[in-house]
Amino acid sequence: MAKKKTARSSAAKPDLKWFSDARFGMFIHWGLYALPARHEWVKRQERITTEDYQKYLDHFDPDLYDPRAWARAAKHAGMRYFVITTKHHEGFCLWDSKFTDYKATLTPYGKDLLKPMVKAFRDEGLRVGFYHSLIDWHHPEFPVDHIHPQGEDKAFRKAEAKRDVRKYARYLHNQTRELLTQFGKIDIMWFDFSYPGGDGKGHDDWQSAKLLKMVRELQPGIIVNNRLDLPGKPDIMTPEQYVPIEGPRDEKGKPLAWEGCQTFSGSWGYHRDEASWKSVPMLVEMLIDHVSKGGNLLMNVGPTGRGNLDQRALNSLKGYGDWMALHSRAIYGCGAAPDGVQAPPDCRYTYNAKTKRLYLHLLAWPFGAVHLDGLAGRVEYAQLLNDASEIRMRDSSTEVNAALNAATPQGNITLELPVLKPDVVVPVIELFLNK
Ligand code: GLC
């Protein structure tokens, strides 16, 4: 008896090993909001009624949709998993759910969008995650609250006062069951989001504990994010649109698994007129920064209403791909530097504890030398990662070449750098630590 119990509870444990090795994933926000093309919250931002929003369903026809092209773009960028919005706050479902008629199969396009997507990404070797909105601005039993598009319409609120959140919760649970039983192995379930207090919604409304139990039973090993409003240690933390100063920790100071979710341009859904697209160097630096703090980066794309990725998104992904082609060794399987090892100014460290290689990412290229504190006597060999060319070192802990060592501060090693910055967005020096 006792044995059986242990087996079951370990099967229910989230499988975080692949996740922290992968480090880099693609978020995809795709729904009807790709048509207005001015933010996935457009229904709320412009207080659009469900009747007026209907035109987007009636004209949803992504004729260029080719999920294999998305999957290839993700893979070439170096991404190892993806998380797709099965349903966003607008309520539109990408798959042929039997619990609603607000779904892809009933648009002019007329086909399930999720099945071929899951297959395409799996075929490219990527893991599969489902984002599923807890919020639903289409469902007739979802109680109207302050963030609902008609939340400020007093007459509407009054007319809709009888909405029953328990009926909505049943819908939420039923659809979650569909998602976790009809698409094979699902690696991540990404619920979004809770806002308890006032007329907001939290774990009682979603019946989160019951929901989570079902999720873990249906998909042992699945990773569930932290937005169900439940107490206790979540599988992963999900900071959004900012990079934390340092990785989050639990009350005992132990690092928590985390994944920052970020956008290329501010909006998650396709936004035609958004101008604040991040540069490739900034994007690459963000990836490095996340991993240097022990986190993953889930970078978002918002495909268009025709079903393709626009040129801006493709350029950004290519920027990642070019850098990752030479530097992925400094990302996969890596995390924060060993305790007490601090990166010098304008640099980040990532560290592969298995291979004992420390990666120095130089965000700015200094003249002639860089001094690394705390590494005296600890480095066996150093090379540029992009071309495996040796980087000569001076070590303050050795007596050899005393004249040069005079320039190396105590406890440091000094790396001798070429004047010309290597022709890559962020150069990386691979340091082989003594075993
Ligand atoms: C927010 C937003 C949303 C987006 C999500 C991604 O909670 O509501 O539009 O999907 O963050 O993390």
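The values are calculated or read from the model by the stated rules, or taken from the named source; none is laboratory data. What you see is a predicted model; the values in this text were computed from it and never measured. Every residue, glycine among them, receives a Cβ derived from its backbone with ideal geometry; neighbour counts consider all protein chains shown. Accessible surface areas use protein heavy atoms only, side chains included; no ligands, DNA or RNA. Shrake-Rupley method; radii C 1.70, N 1.55, O 1.52, S 1.80 Å.
Could you do me a favour and compute the accessible area per residue for segment 169-292, 1.4 Å probe, result in Å²? If you can, show how the numbers build up before the last one.
Numbers: 5430 Å² over 124 residues.
Here the per-residue accessible area is 44 Å².
Given an 8 Å cut-off on Cα distances and at least 6 residues of separation, report the relative contact order of the chain as a percent.
Working: 875 pairs, mean separation 72.6, N = 435.
Relative contact order comes out at 17 percent.
Over all alpha-carbon pairs in segment 51-143, figure out the percentage whose distance exceeds 18 Å. Mind showing how you got there, number by number?
Details: 2122 of 4278 pairs.
Pairs farther apart than 18 Å: 50 percent.
Which whole number in µm²/s is D for the chain by Stokes-Einstein, with the Kirkwood Rh taken over Cα pairs at 4 °C and 1.567 mPa s? Kindly include the intermediate steps, with their values, before the conclusion.
Working: Rh = 23.6 Å.
Answer, rounded: 55 µm²/s.
Over all pairs of distinct alpha carbons, what does the Kirkwood formula give as the hydrodynamic radius of segment 106-203, in Å? Provide the component values of the computation, followed by the final result.
Values: mean 1/r = 0.0637 Å⁻¹.
Taking the inverse mean of 1/r over all distinct Cα pairs, segment 106-203 comes out at 15.7 Å.
If you place +1 on the Cβ of every Lys and Arg and -1 on the Cβ of every Asp and Glu, how big does the dipole about the Cα centre of segment 8-330 come out, in debye to the nearest 20?
Taking the Cα centre of segment 8-330 as origin, the dipole is about 920 debye.
If segment 347-433 were replaced by its equivalent ellipsoid, with semi-axes equal to the square roots of 5 times the Cα gyration tensor eigenvalues, what would those be, largest first, whole Å?
Taking √(5λ) for each Cα gyration eigenvalue gives 20, 16, 11 Å.
Considering only A104, L218, Y195, whose Cα is most displaced toward the positive end of the charge dipole of the chain, charges sitting on Cβ of Lys, Arg (+1) and Asp, Glu (-1)?
Checking the options against the dipole of the chain, the answer is L218.
Given H placed 1.01 Å from N in the peptide plane, which residues other than close sequence neighbours of C93 have an amide H under 5 Å from its amide H?
Those qualifying (amide H under 5 Å, at least 5 residues apart or on another chain) are K103, A104.
Could you order the peptides 342-349, 157-164 from most to least packed, using the average number of other C-beta atoms within 10 Å per residue? Before the final figure, lay out the partial values.
Values: 342-349: 16.4, 157-164: 11.9.
Ranking the peptides 342-349, 157-164 by packing returns 342-349, 157-164.
Just how much of R170 is accessible, in Å², when a 1.4 Å probe is used and the result is rounded to the nearest 10?
150 Å²
Could the peptides 55-64, 352-361 be put in order, highest first, of the mean number of other beta-carbon atoms found within 10 Å of their residues? List each step's numbers first, then the result.
Details: 55-64: 15.7, 352-361: 18.8.
Ranked from most to least packed, the peptides come out as 352-361, 55-64.
Any idea of the accessible area per residue across segment 347-433, 1.4 Å probe, to the nearest Å²? Let's see the in-between values first.
Working: 4160 Å² over 87 residues.
Counting only protein heavy atoms, the per-residue value for segment 347-433 is 48 Å².
With a 1.4 Å probe and all protein chains left in place, how much of the accessible area of the chain comes from carbon and sulfur atoms, in whole percent?
On the way: 10270 of 19640 Å².
Accessible surface attributable to carbon and sulfur in the chain totals 52 percent.
Mind putting a number on the dipole of segment 135-205 about its Cα centre? Charges go on the C-beta only, +1 for Lys and Arg and -1 for Asp and Glu, and I need it in Debye to the nearest 20. Could you put the intermediate results ahead of the total?
Working: 11 positive and 13 negative charges, 56 e Å.
Approximately 280 debye in magnitude.
If K154, K210, K75, K293 are ordered by their accessible area, calculated over protein heavy atoms with a 1.4 Å probe, which sequence runs from highest to lowest?
On the way: K154 175, K210 130, K75 100, K293 50 Å².
From most exposed to least exposed: K154, K210, K75, K293.
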